[in-house]
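The values are calculated or read from the model by the stated rules, or taken from the named source; none is laboratory data. Nothing here was measured: the structure is a model prediction, and the numbers come from that model. Neighbour counts run over all protein chains shown; Cβ positions are idealised from the backbone, glycine included.
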Amino acid sequence: METTVYIPTLRAGKRLAQTLESLERQEPRPRVVVVDNSSEGLGAELVRGRFRWARSVAFGVNLGFGAALNRAVRDEPGDPIVFLNDDVSAEPGFVAGLTEALTPGVGMVAGVLLREEDPGRIDSAGVVADRTLLGFDYLSGEPVEALESADDPLGPTGGAALYRRSAFEQVGGFDEGIFLYYEDLDLALRMRRAGFGCRLAPSARGIHAYSETLGANTGRKYAMTGWSRGYLLRAYGFGGRPLLLARAVAVEGAICAGQVVFQRTAQGARARLRGWRAGRRATPRSAPEDGLLDISARDALTLRRRRHRS
C-alpha cells in the first residue's frame with residue numbers, strides 16, 4: 001500500500017480545488033481520495049472534471065466526518081492514511097513531513113495548520129485536553145517559531161493528521177456516533193490508551209481557512225460542538241466521577257453563558273444535554289493515564305477563548 005490522503009468534503013467548490021492543486025504540487029504527488037459527503041456528488045464531479053489523477057468516493061448523503069472517513073479507508077485502503085480538510089492548502093513538503101515523523105512506536109502524526117489571514121501564526125498543531133477532556137488546539141495563536149521547541153501534542157487535529165493504518169483500525173477508527181467535531185480528540189484518547197504515541201511534524205504545514213463549512217461563531221457550530229462535548233463526557237464515565245463532572249459542568253456553563261450573551265444563542269447548552277443523553281448508548285471508554293493537561297478551570301477557559309477569534 002502507499003500513503004493516501006483522504007479529503008472529506010461537503011461543499012466542494014473553490015476551496016477543495018485549491019486543496020487538490022496544493023497536493024498536485026507535492027513531491028512526490030501522493031495518492032488522493034476525495035470523500036464526498038454531498039448529496040449532489042459535487043466532490044466526485046470536481047475530480048472527474050479537473051483532477052482525474054485523484055480518486056473519489058461518494059455516498060449520496062452526508063454521513064458525518066468520521067463515518068465518511070472510516071468508509072473511505074475501507075473502500076480505498078492506503079497505509080499510512082492522511083486526513084486533510086478541504087479548506088487547507090498544503091505547503092510544499094507537507095506529506096513528506098508527515099511520513100518522515102512516522103517512526104517506530106508512533107501511531108499518529110500531527111501536522112501544522114497556519115492561519116490564512118496571518119500565516120506567521122499557528123491555527124493548530126494538534127489537539128490537547130485537560131483532565132475533564134476539554135479539548136484545545138495545540139499552540140493556537142502562537143508564532144510559527146514556537147514549533148522549534150514544541151513538545152508533541154496528545155494527538156493530531158483531524159484536519160491535518162496521519163495515522164498508521166493498523167493502529168487506526170485496532171481502535172476501531174472514528175466513533176461514528178459523533179457526527180462532527182471532537183471525533184479527532186476521541187480518537188487520540190483511545191489511541192493513547194492503546195499505547196500509540198503521537199509526534200508533531202513541524203515541517204508539515206498547511207494554510208487553513210478557519211471553520212469554512214459552518215462558520216466560526218454560529219448556532220449550528222455551537223450545537224455540533226456542544227452535542228459532542230456532552231456525548232464524550234458520558235462515554236468516558238464522568239457520571240461516576242462527581243468532582244471532575246462538577247468542574248466540567250462549571251466550565252461548560254461559563255462557555256454556554258458566553259454564547260448566550262455574545263452570540264444570542266442557547267443551542268450549545270441544549271445540545272450538550274442531548275449529547276449527554278446519547279452518550280449512554282456509547283461504548284464505555286477510559287482516558288489515558290498520561291498526556292492530559294493538569295490546569296485550572298480558569299486556565300482552561302483562557303485557552304478556550306484563544307481559539308474563538310473573529
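Some observations on this one:
- A single member of G135, G141, G159, G155 is touching a residue at least 40 places away in the same chain (Cβ under 8 Å), crowded, with 24+ Cβ neighbours inside 10 Å, touching a strand residue (DSSP E or B) at 6+ places or on another chain (Cβ under 7 Å) and more than 19 Å from A297 (Cβ to Cβ), and it is G155.
- Subset tally (residues that are within 21 Å of F179 (Cα to Cα), of a type in the set (G, A, S) and in contact with a helix residue (DSSP H, G or I) (Cβ under 7 Å, 6 or more places away or on another chain)) for the stretch 217-276: 11
- Condition met for G197 (outside the structural domain of L63 (by TED's automatic domain parsing), touching a residue at least 40 places away in the same chain (Cβ under 8 Å) and among the small types (G, A, S)): no
- Here is the figure for the stretch 27-43: residues that are farther than 17 Å from T4 by Cβ and aliphatic (A, V, I, L, M) total 1.
- Exactly one residue out of F179, F168 is in the same structural domain as V128 (by TED's automatic domain parsing), of a type in the set (F, W, Y) and not in a loop (DSSP other than H, G, I, E, B): that is F168.
- Considering R264, R247, the condition of being over 22 Å from the mean Cα position of the chain (by Cα) and on the phi > 0 side of the Ramachandran plot is satisfied by R264 alone.
- Count of residues meeting criterion [in contact with a helix residue (DSSP H, G or I) (Cβ under 6 Å, 6 or more places away or on another chain) and at pLDDT 95 or above] in the stretch 37-64: 4
- F94 being more than 21 Å from S203 (Cβ to Cβ) and either at pLDDT below 95 or within 21 Å of the chain's Cα centre (by Cα) (or both): no
- Of the criteria (1) in a helix (DSSP H, G or I); (2) buried (at least 24 other Cβ atoms within 10 Å of the Cβ); (3) assigned by TED's automatic domain parsing to the domain that holds A68, which one R192 fails: (2)
- Per-region count, the stretch 79-119, residues under 22 Å from V33 (Cα atoms), out of contact with any helix residue (DSSP H, G or I) (no Cβ under 9 Å at 6 or more places or on another chain) and of a type in the set (V, I, T): 1
- The stretch 1-59, residues that are of a type in the set (D, E) and either outside the structural domain of A90 (by TED's automatic domain parsing) or more than 14 Å from A72 (Cβ to Cβ) (or both): E2, E21, E24, E27, E40, E45
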